[in-house]
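The values are calculated or read from the model by the stated rules, or taken from the named source; none is laboratory data. In this text the structure is predicted, and so the values were computed from the model without any measurement. Because the Cβ atoms are built from the backbone with ideal geometry, glycine has one as well, and the counts that use them run over all protein chains shown.
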Amino acid sequence: MLFDYPKTTYFGRVLPKTKIYQYAKPKTALRQALVDEVDKIIWRHKLSPDTLNLPASRRVSEVQILELHPKGAEVSEAVLACIDKAISFPLIFEVRGARGRQVMAAIKSTAKVSESKLKAPAIYYQSDWLAADAPRQPLPVAVNLGGLYQQMLAPILPEPLQAGETLWQAAERFEQIAALERQIERLQGQLQRQVQFNRKVELNRELRTRQESLVALRAT
């Protein structure tokens, strides 16, 4: 989903890659990936108490909207994480490429740590590719920036939020789901290759346990 941002939030400045290098301190290979994959980064909008007349929350003081112009078909998660590491605020990326537009983001809170301790987010979520002229929707109604951020990310999350679950609790749950899916895939492969009956019984038991855990994590 693309949002129609109020004019008061417009920032519209090119973000030099040198700033990413300065704050993220990427290694040579990642710096080269940023050069190879990204033509231009535009800091398109700034969602803050000053620009939206919406108070900050404990976890979110501002949300930044960055427009990425890729050189190729897409931008890798490693490059997104590098940009994310350089900017302490939650980011929402709009990738503007030949296939249209795609929204990508990782769940993140406003950093309260020193520059040297900033960490790149773990998992990126993304929308389908949308037509470049796809209609934009008004920003969701929210009582603070944390609530707004949560509603903006909801359409691209892999699972619905559970009742009373915060976005950051959901992020931990999604990581657990991803880990369980990898474990289940590994166990299924081992089960197919296994010829010993007793070991197959053991693997089946372990597989069922993880499948049940996965169902519980996905319950809403």
Looking only at segment 22-49, which residues are farther than 26 Å from residue 146 by Cα and assigned to a strand (DSSP E or B)? 38, 39, 40
Hey, any hits in segment 60-71 for a residue that's closer than 25 Å to residue 4 by Cβ, among the basic types (Lys, Arg), without any contact (Cβ under 8 Å) to a residue 40 or more places away in the chain and in the same structural domain as residue 147 (by TED's automatic domain parsing)? no
Given 85, 19, which one is closer than 27 Å to residue 144 by Cα, out of contact with any strand residue (DSSP E or B) (no Cβ under 7 Å at 6 or more places or on another chain), not polar (S, T, N, Q) and not in a strand (DSSP E or B)? 85
Selection from segment 61-82 of residues assigned to a helix (DSSP H, G or I) and either β-branched (Val, Ile, Thr) or within 24 Å of residue 138 (Cα to Cα) (or both) yields 79
The residue from 113, 79 that alone is β-branched (Val, Ile, Thr) and modelled with pLDDT under 95 is 113
Checking residue 82 against (1) without any contact (Cβ under 8 Å) to a residue 24 or more places away in the chain; (2) surrounded by 20 or more Cβ atoms within 10 Å (Cβ to Cβ); (3) not basic (Lys, Arg), which single condition isn't satisfied? (1)
Filter segment 182-210 down to the residues that are exposed (fewer than 14 other Cβ atoms within 10 Å of the Cβ) and within 25 Å of the chain's Cα centre (by Cα) and list them by number. 182, 185
Those residues that are surrounded by 20 or more Cβ atoms within 10 Å (Cβ to Cβ) and farther than 15 Å from residue 141 by Cα, I need them from segment 45-60; list them, please. 45, 46, 60
